[in-house]
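Comments concern the structure below.
The values are calculated or read from the model by the stated rules, or taken from the named source; none is laboratory data. Just so it is clear, the model here is predicted, and its values are computed rather than measured. Cβ atoms come from the backbone with ideal geometry, glycine included; neighbour counts cover every protein chain shown. For the accessible areas, the whole protein counts, side chains as well, though only heavy atoms, and no ligand, DNA or RNA atoms are used. Shrake-Rupley method; radii C 1.70, N 1.55, O 1.52, S 1.80 Å.
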Amino acid sequence: MPLPRSASALSPPGLLFAGLGLFLLVTPFMTLAANRIVAGEGLRAWALAGPGATGAGLAAIVAGLLFGAQNVRRRLRLGGAAIGLCGLFWLIVRGAPALLDGAGDYARVSPAAGFWALLMVFLLLMADALAQLSPGPLLRGGLLALGLAVLALLLGSGVLSDLSIAQEFASRKSAFVAATLRHLGLAFGSLAAAALIGFPLGILCHRKARLRRTVLPMLSFLQTIPSLAMFGIMIPILGWVGASVPGARTLGIAGIGFAPAFLALVLYSLLPVVGNTVAGLAAAPPAALEAARGMGMTVGQRLLRVELPLGLPVLLAGLRIVLVQNIGLAVIAGLIGGGGYGTFVFQGLNQTATDLILLGALPTVLLALVSAIVMDILVDLVRATPEARP
Amino acid sequence: MRIGTILRPALIVVLIALVLRPTWFAPVFAPFAPAGGPVIYDRASLLSLSLSHLTLVVLASAAATLVAVTLAILVTRPAGAAFRPLSRTITNMGQTFPPVAVLALAVPMLGFGAGPTLVALFLYGLLPIFENAMTGLSTLPPATIEAARGIGLNRWQRLIRVELPLALPVMLTGIRLSVVISLGTATIGSTVAARTLGEVIIAGLLTNNTAYVLQGGLIVGLFAVLIYDALVQLEARLISRTGG
């Protein structure tokens, strides 16, 4: 690669990443601990395995950082991020068995701060390179699918099974599946319920200014109540419903568990849904409404054929906020017996078992990120259609 | 708003009573306590828990405001333009990180106690403030900036006397969002052994004592609602003053 001469040939964020990345390379990359609970010993990247194995990984990381720092070929920046990520995982995959070799039966290896920080650097580099290329929604969807497929392949192939977080997973496979289903049920179920209540309420609020002036401030106050308090306050309310309304208990409504968590999430979701429905419907240009009225459309027809289609991107943006927010908040359900990934997080915090915390926190973060990207793609897609179809 | 003028002082009085004279509320919470169990949380003074909770939030929010506004100023200068797309990506992606996950992930690196909570509150608090400060500073009316340049203000004077005051209401909205999130996250901080009001709720959950849960929940909820309301009032006053 010819060295770039002028300043514009270098990407300032890329230079920042390169400096940061090179610094992070000398921080501990993996941890080797005698057992599950004790604090381990941090090992630098070049001390993980033989020079043949670590050399390739280190070279890939440095090359990735250099490709990311230039600004001449922008696609190469994206490639640099991919090469760097390969290097990171190569070091983990080759390092884990080498470290465990002869370290005792209970020994555990896990990625350390250096790995996580470098992972962050390369993901940000990738995001920055992508933002520069500004791909369309379909291409972004394809790239997301590719990324998830690579991740699934990596996890499924078993090359990471020496890591301690994989061992936590292996001993809790069925609990993990149950937690995943429960977490998804809480997040998507409350989204659906909030949409069922919120869309009609939003349409009513759009029509009646007086209703809007009472409902929206009330919902925003609801939104400010800290999640733990909200989940807690739901317990006596639903406990009372479960005890006094006939048939409620057979539906699974009780003071602790799924029901209070679900209700709390629905309450939190109402503001983004109702607020964005009102904003989306109000965004229809007066000329379009006038034209619809001139064509003799009734109020209902105007709503269905003009206001809703024009406001759809804003409505979907509201659902994006709700989904991402609820995936995060559903973690709190773990504290009130509601299940989900929060169970692992809080168990891990109680036992000071870092890997168990990660087993709960990492899937939550991944789920939230993927949902945000998918919803952004959907918003872009619906935003593009009304203009293409006059 | 007539409801507000009556409700606001009433809620403040209730909150003060809940924190300073919790025993007054024993008859209210008694039906929720387990038979023969304690009704009012007495393992720590509610006042000291409230103070340490609010201190965490104030420290984290002050630090986050300072850093986020500085970063937003740097990024909106011509020299920082190259970092603008990146900073937008970071705020978008960062805000999808659940606050609880940030808190949980801070523990392995920093251990238990107030430290990880403070760091998590600070990191998470940066994003809404930065986002709003950037919006505020980059959507100023060009005519005003031009006029400021015309009367001979240099860059620094323009920033201090024109841009920052004009962007202040939008920035305050960001600070309000960040404070509300911090109040909530600090509550969860008690699961990593930070001294906050969440302790009361957690103690209630662990011992199946709904009275504790309600007591803690009410205090935290009232704090959040009243602080949110105070910040909204402050914003409204600022907007009416700048004539926005």
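Values as computed for the structure displayed
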item: Boolean, A:Leu267 is surrounded by fewer than 21 Cβ atoms within 10 Å (Cβ to Cβ), modelled with pLDDT of 85 or more and under 20 Å from A:Phe188 (Cα atoms); result: yes
item: Subset tally (residues that are open to solvent by less than 50 Å² (accessible area, probe 1.4 Å) and touching a residue at least 40 places away in the same chain (Cβ under 8 Å)) for the range B:137-163; result: 2
item: Hits in the range B:70-127 (condition: in a helix (DSSP H, G or I), polar (S, T, N, Q) and either on the phi > 0 side of the Ramachandran plot or within 20 Å of the chain's Cα centre (by Cα) (or both)); result: B:Thr70, B:Thr91, B:Asn92, B:Thr117
item: 3 or more residues within 13 Å of chain B (Cβ to nearest Cβ) and touching a Gly at 6+ places or on another chain (Cβ under 7 Å): qualifying helices (runs of 4 or more DSSP H) within the range A:158-258; result: A:227-244
item: Residue in the range B:180-197 that is open to solvent by 20 Å² or more (accessible area, probe 1.4 Å), in contact with a Lys or Arg (Cβ under 9 Å, 6 or more places away or on another chain) and either within 21 Å of B:Gly94 (Cα to Cα) or more than 8 Å from chain A (Cβ to nearest Cβ) (or both) present; result: no
item: Tally of residues being open to solvent by 10 Å² or more (accessible area, probe 1.4 Å), more than 23 Å from B:Ala68 (Cα to Cα) and more than 7 Å from every other protein chain (Cβ to nearest Cβ) across the range B:204-228; result: 7
item: Conditions (1) in contact (Cβ under 8 Å) with a residue 12 or more places away in the chain; (2) assigned to a helix (DSSP H, G or I); number of the one not met by B:Pro9; result: (1)
item: Candidate set: the range A:348-378, residues that are modelled with pLDDT of 90 or more and more than 11 Å from every other protein chain (Cβ to nearest Cβ); chosen: the one surrounded by the most Cβ atoms within 10 Å (Cβ to Cβ); result: A:Leu378
item: Residue list for the range B:83-93, filter: crowded, with 17+ Cβ neighbours inside 10 Å and more than 8 Å from every other protein chain (Cβ to nearest Cβ); result: B:Ser87, B:Thr91
item: Residue match in the range A:14-35 (condition: under 25 Å from B:Gly80 (Cβ atoms), within 12 Å of chain B (Cβ to nearest Cβ), in contact with a Phe, Trp or Tyr (Cβ under 7 Å, 6 or more places away or on another chain) and in a helix (DSSP H, G or I)); result: no
item: Qualifying positions in the range B:49-82 - over 30 Å from A:Ser11 (Cβ atoms), among the hydroxyl-bearing types (Ser, Thr, Tyr) and crowded, with 21+ Cβ neighbours inside 10 Å; result: B:Ser61
item: Listing of helices (runs of 4 or more DSSP H) fully contained in the range B:132-244 that carry 3 or more residues being touching a helix residue (DSSP H, G or I) at 6+ places or on another chain (Cβ under 7 Å) and either under 28 Å from B:Ile40 (Cβ atoms) or among the β-branched types (Val, Ile, Thr) (or both); result: B:164-188, B:198-206, B:210-242
item: Members of the range A:75-104 that are among the small types (Gly, Ala, Ser) and open to solvent by less than 50 Å² (accessible area, probe 1.4 Å); result: A:Gly79, A:Gly80, A:Ala81, A:Ala82, A:Gly84, A:Gly87, A:Gly95, A:Ala96, A:Ala98, A:Ala103, A:Gly104
item: Filter result (open to solvent by 20 Å² or more (accessible area, probe 1.4 Å) and polar (S, T, N, Q)) within the range B:94-119; result: B:Gln95
item: Residues of the range A:59-85 satisfying the condition of being modelled with pLDDT of 90 or more and more than 29 Å from the chain's Cα centre (by Cα); result: A:Ala59
item: Filter result for A:Ala264 (in a helix (DSSP H, G or I) and of a type in the set (Gly, Ala, Ser)); result: yes
item: Positions within the range A:143-180 being surrounded by fewer than 12 Cβ atoms within 10 Å (Cβ to Cβ) and closer than 20 Å to A:Arg320 by Cα, in sequence order; result: A:Ala145
item: Any chance B:Pro38 is over 18 Å from B:Ala224 (Cβ atoms), open to solvent by 60 Å² or more (accessible area, probe 1.4 Å) and part of a loop (DSSP other than H, G, I, E, B); result: yes
item: Cβ pairs under 9 Å, 6+ apart, first in the range B:119-133 and touching a residue at least 60 places away in the same chain (Cβ under 8 Å), second open to solvent by 10 Å² or more (accessible area, probe 1.4 Å) and not in a helix (DSSP H, G or I); result: B:Tyr124/B:Gln95; B:Tyr124/B:Phe97
item: Residues (at positive phi and touching a residue at least 60 places away in the same chain (Cβ under 8 Å)) located in the range A:89-130; result: A:Gly104
item: Flag if A:Gln325 is under 19 Å from the mean Cα position of the chain (by Cα), at negative phi and more than 8 Å from chain B (Cβ to nearest Cβ); result: yes
item: Failed item in (1) more than 19 Å from A:Leu196 (Cβ to Cβ); (2) without any contact (Cβ under 8 Å) to a residue 60 or more places away in the chain; (3) away from chain B (no Cβ under 14 Å); (4) surrounded by fewer than 20 Cβ atoms within 10 Å (Cβ to Cβ), with A:Leu304 passing the rest; result: (1)
item: Filter result for the condition that a residue is away from every other protein chain (no Cβ under 14 Å), small (Gly, Ala, Ser) and closer than 23 Å to B:Leu177 by Cβ, over B:Ala101, B:Ala44, B:Ala114; result: B:Ala114
item: Matching residues in the range A:166-180 - criterion: being hydrophobic (A, V, I, L, M, F, W, C) and either touching a residue at least 40 places away in the same chain (Cβ under 8 Å) or in contact with a strand residue (DSSP E or B) (Cβ under 6 Å, 6 or more places away or on another chain) (or both); result: A:Phe169, A:Ala175, A:Phe176, A:Ala178, A:Ala179
